[in-house]
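K.L.:
Dumping the structure here so I can ask a few things about it.
The values are calculated or read from the model by the stated rules, or taken from the named source; none is laboratory data. Everything numeric here is computed off the predicted structure, so don't read it as measured data. With ideal geometry, Cβ positions are generated from the backbone for all residues, glycine too; neighbour counts draw on all protein chains shown. Surface accessibility is based on the protein's heavy atoms, side chains included, excluding ligands, DNA and RNA. Shrake-Rupley method; radii C 1.70, N 1.55, O 1.52, S 1.80 Å.
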Amino acid sequence: MKGIILAGGSATRLYPLSKAVSKQLLPVYDKPMIYYPLSTLMLAGIREVAVISTPRDLPLYRELLGTGEELGMSFSYIVQERPEGLAQAFVLAAGFLHGEPACLILGDNLFYGQGFTGMLERAAASARQGACIFGCYVKDPRAYGVLSFDAGGKVVALDEKPEHPGSNYVVPGLYFYDGTVAGKAASLQPSARGEYEITDLNRLYLAEGSLQVQLFGRGFAWLDMGTCDSLLEAADFVATIQNRQGFRMSCIEEIAWRKGWIDSDRLYRLGSCMGNTDYGRYLMELSQTHFNLLSPHFS
């Protein structure tokens, strides 16, 4: 399975913060925003990742992430000239995917919760034939894609930003699809908003009877970092977790190490290259640890 991070758009809700730099390059406490969705793909076991962004911003992502070799991964970069909906990502990335299953994550989404790695692994396995999306309970679902259920709890409909939602469960920006996704996305017609809607793509799988949904529990956190308030909330959330527990959330070097994609020597070198910083010292100290109770089950 391959991964796609959609990091395009102009992020006007964050102006003037995002006027000169991509939103997904902004800091969220101690790391760039894009580290959070990237870590989710890594926890799912995905090592080949494409970043989709604007012609202006793509060189900055190349500078930040490189080829991925240092993490035992492979990164590709795809230009998006104009944002035309989330499903457009699969059309742009068709050559990258080569008919393989794919996971799409939005570049401003942060997920955190115990057992998350297991959920991702199950989603990746089930999406080899069909699709798997997630449902998260929110107070006001009208700004999202909303799930509707029958009396037995089976999903029967998906509606994009409905005025009268069928439930409080919405679809966050994390989607797993089989190898037919690029063809399905290419078959979509633009919505009234002029966009290729991810909800329409999910409806195709629902109509086939091949759409699975995993619901997040009450203790799970999903943060969309698309506004100034939500950006601050995310930074506060990360700081609270890290300072309380002592490990770093969405530390891509640590995840690569725990996955066995890099060895302790590589982890130490990555930390030493960061100089006398808390982040660098954290990596170097990890590399000296021979017994760990913590496994990479957190984003």
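K.L.:
Under 17 Å Cα to Cα from LYS2, which aspartates and glutamates show up? Leave out anything in the same chain fewer than 8 places away.
P.N.:
Partners within reach: GLU48, GLU69, GLU100, GLU121, ASP178.
K.L.:
Which value, in Å² and to the nearest 10, is the accessible area of TYR36 when all protein chains are kept and the probe is 1.4 Å?
P.N.:
Only protein atoms counted, so the area is about 0 Å².
K.L.:
Along Cα→Cβ, 7 Å out, is where each label goes; now give me the distance between the ones at ASP150 and ARG122 in nm to one decimal.
P.N.:
It works out to 2.1 nm between the two label points.
K.L.:
In sequence order, what are the phi-derived ³J(HN,Hα) couplings for the range 184-196 according to the Karplus relation 6.51 cos²θ - 1.76 cosθ + 1.60 with θ = phi - 60°, rounded to whole Hz, with x for glycine and proline?
P.N.:
Coupling constants for the range 184-196: 5, 4, 5, 8, 6, 9, x, 7, 4, 7, x, 10, 8 Hz.
K.L.:
Here's a follow-up. For the range 141-299, state what percent of all Cα-Cα pairs lands in each successive 10 Å bin, counting from 0 Å until the bin that includes the largest distance.
P.N.:
Spelled out per bin, shortest first, that is 8, 27, 25, 23, 15, 2.
K.L.:
Right, another one. Read phi for every residue in the range 92-99 and hand back ³J(HN,Hα) as whole Hz from Karplus 6.51 cos²θ - 1.76 cosθ + 1.60, θ = phi - 60°, with x for Gly and Pro.
P.N.:
For the range 92-99, the Karplus curve yields 5, 9, 4, x, 6, 6, 6, x Hz.
K.L.:
Follow-up question, since we're still on this one. Grab the Cα-Cα distance for SER10 and ALA157, subtract it from 0.36 nm times how many residues apart they are, and report the gain in nm with one decimal.
P.N.:
Details: separation 147, 0.36 × 147 = 52.92 nm, distance 3.05 nm.
Gain on stretching SER10 to ALA157: 49.9 nm.
K.L.:
So, one more: Over all distinct alpha-carbon pairs, what is the Kirkwood Rh of the chain in angstrom?
P.N.:
This gives a value of 19.7 Å.
K.L.:
Note the angle between two axes, namely the Cα long axis of helix 116-126 and the longest principal axis of the Cα atoms of the chain, as a number of degrees from 0 to 90, rounded to the nearest 10.
P.N.:
Here the helix axis deviates by roughly 50 degrees.
K.L.:
Further question on the same structure: Using a probe of 1.4 angstrom, how much of the accessible area of the chain is carbon and sulfur, in percent?
P.N.:
For the chain, the apolar C and S fraction of the accessible surface comes to 51 percent.
K.L.:
Based on the inverse mean of 1/r over its pairs of different Cα atoms, what is the Kirkwood hydrodynamic radius of the range 1-91, in Å?
P.N.:
13.5 Å
K.L.:
Which cross-chain or sequence-distant (5 or more) residues have an amide H under 5 Å from the amide H of LEU215, H modelled 1.01 Å from N in plane?
P.N.:
Amide H neighbours of LEU215: GLY135.
K.L.:
A follow-up question, please. Would you calculate the separation in nanometres between label points at GLN288 and SER272, each defined as 7 Å from the Cα along the Cα-to-beta-carbon direction?
P.N.:
For GLN288 paired with SER272, the spin-label model returns 1.3 nm.
K.L.:
Accessible area per residue of the chain at 1.4 Å probe, in Å²?
P.N.:
For the chain, the solvent-accessible area averages 46 Å² per residue.
K.L.:
Same structure again: Can you give me the distance in nm between label points at ARG142 and ASP265, each placed 7 Å from the Cα along the Cα-to-Cβ direction?
P.N.:
Here the modelled spin labels are 6.1 nm apart.
K.L.:
Rounded to whole Å, give me the distance from the Cα center of the range 60-96 to that of the range 200-270.
P.N.:
About 18 Å separates the Cα centre of the range 60-96 from the one of the range 200-270.
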